[in-house]
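Take this structure first; my questions come after.
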Amino acid sequence: MKKYFIIPILAILMSLTFASCEKDEVENTATVEMAGEWHIHVSAVNPETGEVDDPDWFGDGVYNITTCNTAANVATKMFLVDDICYYYPYQVEINVDPSTMTFSSVTDAENLYGGTNYGGERVTITGGKIVKNGTTTPSGMPADYIEYYITFSDDVLAPYLEGDVVKVSGFRYTGFADDE
């Protein structure tokens, strides 16, 4: 009699085991190719010659920023977030073109991070681009390169740039200790 109860129970357990092995496919965000964490530095650049006048203009050294999708998860919008910068932390929605890997903000976009004691209630991002394997990391490995120019409203430190523009550039975070 036990035999008749064990066989159906084993059949049910086996079917549950096989059914539990199915995995749902996880989709990427619409901006997956452009999203990530970046090691960057900020420099002052002469806009006429493109020469770097000060390679560490804010004096912060290298730090991280993030590019990430918006809640709408569309391929044409992202957030650019710098919440570590000691100068002007910012979070701004940017327009992106994944086919050309370029981005920019509207002029005087709202700083979603909020203004600071120095100003920065509005942010403008121009000339943004990401180049796949466009640079070499300190460890000698290829990595994606990011570059853009940034201006802030009410920038009390802008006169000290003496006509230069603020350039942000760097590489995608690799996780390797030699690249820190």
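The values are calculated or read from the model by the stated rules, or taken from the named source; none is laboratory data. All of these numbers come straight from a predicted model, not from anything done at the bench. In this analysis, Cβ positions are derived from the backbone assuming ideal geometry, glycine residues included, and neighbour counts consider all displayed protein chains. We work out accessible area using only protein heavy atoms, side chains counted, and drop any ligands, DNA or RNA first. Shrake-Rupley method; radii C 1.70, N 1.55, O 1.52, S 1.80 Å.
In the set G134, G128, G140, which member is modelled with pLDDT of 90 or more, out of contact with any Gly (no Cβ under 8 Å at 6 or more places or on another chain), open to solvent by 20 Å² or more (accessible area, probe 1.4 Å) and under 19 Å from I65 (Cα atoms)?
Answer to the selection: G134.
Go through the stretch 65-79 residue by residue and tally those that are of a type in the set (S, T, N, Q), surrounded by 15 or more Cβ atoms within 10 Å (Cβ to Cβ) and in contact (Cβ under 8 Å) with a residue 40 or more places away in the chain.
2
So is T66 among the polar types (S, T, N, Q), within 21 Å of N111 (Cα to Cα) and modelled with pLDDT of 85 or more or not?
Considered against the rule, which asks whether it is among the polar types (S, T, N, Q), within 21 Å of N111 (Cα to Cα) and modelled with pLDDT of 85 or more, T66 comes out as yes.
Here's another thing I want to ask about it. Failed condition for E51, given (1) farther than 15 Å from V166 by Cβ; (2) without any contact (Cβ under 8 Å) to a residue 12 or more places away in the chain, with all others met?
Failing condition for E51: (1).
Could you check how many residues of the stretch 59-73 are touching a Ser or Thr at 6+ places or on another chain (Cβ under 8 Å) and of a type in the set (A, V, I, L, M, F, W, C)?
Residues meeting the conditions: 1.
Another question, then. Out of the residues in the stretch 30-64 that are within 19 Å of the chain's Cα centre (by Cα) and among the hydroxyl-bearing types (S, T, Y), which is surrounded by the fewest Cβ atoms within 10 Å (Cβ to Cβ)?
Y63
Of the residues D82, D60, D53, which is among the acidic types (D, E) and either under 18 Å from G128 (Cα atoms) or at pLDDT 85 or above (or both)?
When all the criteria are applied, what remains is D82.
For W38, indicate whether it is in contact (Cβ under 8 Å) with a residue 60 or more places away in the chain and in a loop (DSSP other than H, G, I, E, B).
no
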